[in-house]
Amino acid sequence: MKPHFHKVPITLQSSFSIRHDVKPDFGNIWHYHPELELHYVIKGEGVRFIGDNISNFVPDEMVLLGENLPHTWRCKDEYFQNNPNLTTEAMVIHFLPDCLGKYLLTLPEAYLIPKLFEKAKSGMVIKGKAKDKLVDLMRAAVDATNLDRIIILLSILKTLAETDEYSTIVTSKNTFYQSNESETLRINKICNYTLSNYKKDITLEEVASLSNLSVTSFCRYFKLMTKKTFYDFLIEIRVSHACRFLIENKLPTEMICFDCGFNNVSNFYRHFKKVTGMTPLDYKRKYLN
C-alpha cells in the first residue's frame, strides 16, 4: 500500500521522543517517517502491516523499524467497540539516525550502529534477553531527563546493535513514496474494509466501487501500491487470523477454516501452507510447544 508521510512530534528541546501510550486502539493509518521506531506492545492484539509483511501482533512483542519503512498496527475488531475496559498500551521511541550527532556514526568504536540501521530497514522482531533488557531501558527512558536520556538511548542502541536475538520482518525492499491525501484515504479505506469483512466473500466489484475505479483499473492500482494482488492480500489477512486462532487452541481447525473466510478445508490448507510454509497442524505444534 502506498503509505502516508507522518510527522513525528519531537520537540526542539529533545533529540528523540519516548512515550508510554494507553489508548483505545493503535489507529489504522498506513504511514512512514524518517525516524527509526522501537515499538513495544504491552497490551493489544491484532494484525500488523510492515512493508510487504502481514502478521499477528500480541502483547510483549518488540519491533525495530528502519527509516521510512511503512507500517501500521490494526487491533482486533473488539478494540473498536467502545469498550472502556479494553485498551492498548505501548512504549514507543522515535529517533533520527543522526539524532546524537552525525559524527557518532563515523567513530570507529560505533561501527555496529550503521550496520544496525541497515538491518532495521527490513524490520526486526527483537526477542529473548535482549528484549527484556530493552524493556527495562525503555521504561527508564520515559522518566529520564538531561544526560540520562542520552545515556539510555546509547545503551538501547548498543543492545540492539550487538544482539543476534531477532528475526527479520520484510522479505523484499520495495521503495515507497510519499502519497497525496486522496491516495492515502483510498488505500486505507480498502485496507479497513478488508480487515472488517475478511470473513465474507469480498468481490473485486465491491472493493473497486470503494475506490471509485473499474475492476480493471482497481486491480492495476492495487498491484502498483502493494506489489501483490488484492486476493493475495485478502488471503494473507485470513491466514494471519487463522494463525492467531490456532495458537489460542480453542477451536478445531475445520471451524477456524470457515471462521476466517475460506470456503472449504482443502482450499484453506493449500493457502495456509503457501503463506506460512507449514500445515496448520505443524504451525500449532510449533507455537504450542
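How about the range 117-130: which of its residues are within 22 Å of ASP60 (Cα to Cα), open to solvent by less than 30 Å² (accessible area, probe 1.4 Å) and more than 17 Å from the chain's Cα centre (by Cα)?
Hit for the range 117-130 is ALA130, nothing else.
Go over the candidates ILE42, ILE29 one by one and state the one that is of a type in the set (A, V, I, L, M), surrounded by fewer than 22 Cβ atoms within 10 Å (Cβ to Cβ) and assigned to a strand (DSSP E or B).
Step by step, each of ILE42, ILE29 is checked, and only ILE42 is of a type in the set (A, V, I, L, M), surrounded by fewer than 22 Cβ atoms within 10 Å (Cβ to Cβ) and assigned to a strand (DSSP E or B).
With a cut-off of at least 3 residues that are outside the structural domain of ILE50 (by the TED database), under 22 Å from the mean Cα position of the chain (by Cα) and surrounded by 14 or more Cβ atoms within 10 Å (Cβ to Cβ), name the helices (runs of 4 or more DSSP H) lying wholly within the range 210-289.
Filter on the range 210-289 gives 215-226, 230-248, 265-276.
Is at least one residue of the range 30-51 at pLDDT below 85, over 17 Å from LYS227 (Cβ atoms), of a type outside the set (D, E, K, R) and in contact with a Ser or Thr (Cβ under 9 Å, 6 or more places away or on another chain)?
Yes, some residue in the range 30-51 is at pLDDT below 85, over 17 Å from LYS227 (Cβ atoms), of a type outside the set (D, E, K, R) and in contact with a Ser or Thr (Cβ under 9 Å, 6 or more places away or on another chain).
Looking at the range 145-168 only, could you name the residues that are surrounded by fewer than 17 Cβ atoms within 10 Å (Cβ to Cβ), more than 19 Å from LEU96 (Cα to Cα) and touching a helix residue (DSSP H, G or I) at 6+ places or on another chain (Cβ under 6 Å)?
If the condition is that a residue be surrounded by fewer than 17 Cβ atoms within 10 Å (Cβ to Cβ), more than 19 Å from LEU96 (Cα to Cα) and touching a helix residue (DSSP H, G or I) at 6+ places or on another chain (Cβ under 6 Å), then GLU165 is the only one that fits.
The values are calculated or read from the model by the stated rules, or taken from the named source; none is laboratory data. Here the structure is a predicted model, which is why all the values come from computation and not from measurement. Don't worry about glycine lacking a Cβ; one is built from the backbone with ideal geometry, like all the others, and counts go over all protein chains shown. These accessible areas exclude ligands, DNA and RNA; they are computed on the full protein's heavy atoms, side chains included. Shrake-Rupley method; radii C 1.70, N 1.55, O 1.52, S 1.80 Å.
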